[in-house]
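Visitor: I have a structure here, written as structure tokens, and I will follow up with some questions on it.
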């Protein structure tokens, strides 16, 4: 995913697409069936709104939806990872928050997910006008392959007379008019104003005593803000740094004039092997150790930006998604989403592992959190404490690390001295940030489109320590792992500069794999798993290069890289094969 699971699967056209089943529908005026949509292509997008890869795919699909508007119906099948995501009200907010402009099937029990044998968030399934599965892709970056496939298939079905264009079944929901819409971050300025990342309005707003002073548009779902120190701002000519998330850039605002300038990012999403001129969903920014630190949620890393020189650097994380402590360059993160400096420490909310972590002395440490699939609402020490997809963190005057425990609707407090987590406030709608001004604490309550005072009292959360409901794959102790690849239509495998493929396999816990761990150029290998360890998560990353088949000047080349995080359990009768195709289409 989002939970580090990307990949690409293909199916035979002789497979009839299973019917769509779930709890209900959004963005339509009546329930849909595949029979209703016969005569058009249907693209199922299995997603969950916590997942950054899924959010990337929403943007990737928009041009396809427009290009094939009469022939293609995109349907989002929402298959939740976290308990909160199964709440229909939370899903409705997320559909509006992220601008989902196609029908959405609410599938909280993963009925349709399992019918289509999905193993990753996101997964894309293309169904032809006659109701057969054409291809299945998992992960992001497949818009070009879908475009090529739809172009070929559309011509074929037009010739056969099986394509019957029609109007979209999408019905836009009513939109509430509010001064702020899904605010994401707020900072207090020395002049008594507040700067707010107004994500739902694609704007940054300056407020004084709750009244709007200035509204600056031209952003795309900005999520993070930080103020530069006055002396640095005077030197570089801007005061506020904005994490302009969906635009994949950092922007600077001059407070006196409202002027906006791009600081880093060329508007393209960074992919493996790209230079740091591109960014990938920067979610938060913070000034620490004379640089702007960036929570680069899209690639599970921390980057820095030096406003004096314009230098952008990757400083922490391998881009593998998971929870692994250690030296900055070796650590794993999972959608780092909020940063809070405190002296020689930088605290961070690592949302997909439901973790509170910190950086100090060149290493990453974890205070609360166990991994990609463990979450909950529970106070206590490291063995007991649980969060659920936190998106905000601030350090209070007494040293307590306040966490916006977003999917639990709570503010939690971590005591670094005792190592214990406690609950400070509950009953909030998607809290994403916290401000303390004088003696008053304010919460950015994104789900209610407001910033309001909050009483940080003493409460207790107990009783929920759980794992995602996603089915675990049962495998044997000897497992043949295969990640086959076929290039998209019109491209070929490119081996001009050496091996075009790579496969990396690791596990959490690492002791789960007795042999077969590591990196190779072959896309298939045998793993020996330890039945004593019994269960865990296989982390699989596959890569292949392809270029336009005709070559020549202007030929386009693409890197196909997908990551999976597969929960497995070793049992005597478990499967001896695990196939996670990297790319290919039906034949």
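The values are calculated or read from the model by the stated rules, or taken from the named source; none is laboratory data. Computed from a predicted model, the values in this text were never measured in an experiment. In this analysis, Cβ positions are derived from the backbone assuming ideal geometry, glycine residues included, and neighbour counts consider all displayed protein chains.
Visitor: What do you reckon, is residue 72 under 14 Å from residue 125 (Cα atoms) and either out of contact with any helix residue (DSSP H, G or I) (no Cβ under 8 Å at 6 or more places or on another chain) or not assigned by TED's automatic domain parsing to the domain that holds residue 138 (or both)?
Guide: Working: under 14 Å from residue 125 (Cα atoms): yes; either out of contact with any helix residue (DSSP H, G or I) (no Cβ under 8 Å at 6 or more places or on another chain) or not assigned by TED's automatic domain parsing to the domain that holds residue 138 (or both): no.
Judged against the criteria, residue 72 is not a match.
Visitor: In the set 376, 399, which member is touching a strand residue (DSSP E or B) at 6+ places or on another chain (Cβ under 6 Å) and on the phi > 0 side of the Ramachandran plot? Give the derivation first.
Guide: Values: 399 fails: touching a strand residue (DSSP E or B) at 6+ places or on another chain (Cβ under 6 Å).
Exactly one of 376, 399 is touching a strand residue (DSSP E or B) at 6+ places or on another chain (Cβ under 6 Å) and on the phi > 0 side of the Ramachandran plot, namely 376.
Visitor: Residue 169 is checked against (1) touching a helix residue (DSSP H, G or I) at 6+ places or on another chain (Cβ under 7 Å); (2) part of a loop (DSSP other than H, G, I, E, B); (3) buried (at least 17 other Cβ atoms within 10 Å of the Cβ) and fails just one. What number does that condition carry?
Guide: (1)
Visitor: Looking at the stretch 352-370 only, could you name the residues that are surrounded by 17 or more Cβ atoms within 10 Å (Cβ to Cβ) and farther than 21 Å from residue 562 by Cβ?
Guide: Here is the first cut: in the stretch 352-370, the residues surrounded by 17 or more Cβ atoms within 10 Å (Cβ to Cβ) are 352-359, 364, 366-370.
Within the stretch 352-370, 354, 355, 356, 357, 358, 359, 364, 366, 367, 368, 369, 370 meet the criteria.
Visitor: Then there's this: Does the stretch 430-463 hold any residues that are touching a helix residue (DSSP H, G or I) at 6+ places or on another chain (Cβ under 8 Å) and either surrounded by fewer than 15 Cβ atoms within 10 Å (Cβ to Cβ) or at pLDDT below 95 (or both), and which are they?
Guide: 461
Visitor: Somewhere in the stretch 219-228, is a residue modelled with pLDDT under 95, under 30 Å from residue 43 (Cα atoms) and in contact with a helix residue (DSSP H, G or I) (Cβ under 8 Å, 6 or more places away or on another chain)? Before the answer, list the steps.
Guide: Kept after step one, since they are modelled with pLDDT under 95, are these residues of the stretch 219-228: none.
No, that holds for no residue.
Visitor: Could you please give the count of residues in the stretch 196-238 that are over 31 Å from the mean Cα position of the chain (by Cα), within 16 Å of residue 186 (Cα to Cα) and assigned to a helix (DSSP H, G or I)?
Guide: 0
Visitor: Sticking with this structure for a sec: Pick from 292, 260: which is over 23 Å from the mean Cα position of the chain (by Cα), surrounded by 15 or more Cβ atoms within 10 Å (Cβ to Cβ) and assigned by TED's automatic domain parsing to the domain that holds residue 417?
Guide: On the way: 292 fails: over 23 Å from the mean Cα position of the chain (by Cα).
Just one listed residue meets the conditions, 260.
Visitor: May I pose another question? Looking at the stretch 364-379, which of its residues are touching a residue at least 60 places away in the same chain (Cβ under 8 Å) and part of a strand (DSSP E or B)? Before the answer, list the steps.
Guide: Going residue by residue through the stretch 364-379, those that are touching a residue at least 60 places away in the same chain (Cβ under 8 Å) are 371-379.
Hits for the stretch 364-379 are 374, 375, 376, 377, 378.
Visitor: Given the criteria touching a helix residue (DSSP H, G or I) at 6+ places or on another chain (Cβ under 8 Å), assigned by TED's automatic domain parsing to the domain that holds residue 16 and touching a residue at least 12 places away in the same chain (Cβ under 8 Å), does residue 108 qualify? Give the steps one after another, and end with the answer.
Guide: Numbers: touching a helix residue (DSSP H, G or I) at 6+ places or on another chain (Cβ under 8 Å): yes; assigned by TED's automatic domain parsing to the domain that holds residue 16: yes; touching a residue at least 12 places away in the same chain (Cβ under 8 Å): yes.
Yes: the conditions hold for residue 108.
Visitor: Moving on. Can you report the number of residues in the stretch 324-342 which are surrounded by 24 or more Cβ atoms within 10 Å (Cβ to Cβ) and either out of contact with any helix residue (DSSP H, G or I) (no Cβ under 6 Å at 6 or more places or on another chain) or on the phi < 0 side of the Ramachandran plot (or both)? First the steps, then the outcome.
Guide: Let us first name the residues in the stretch 324-342 that are surrounded by 24 or more Cβ atoms within 10 Å (Cβ to Cβ), namely 331-339.
From what is left, the residues that are either out of contact with any helix residue (DSSP H, G or I) (no Cβ under 6 Å at 6 or more places or on another chain) or on the phi < 0 side of the Ramachandran plot (or both) are 331-334, 336-339.
Residues that pass the stated criteria total 8.
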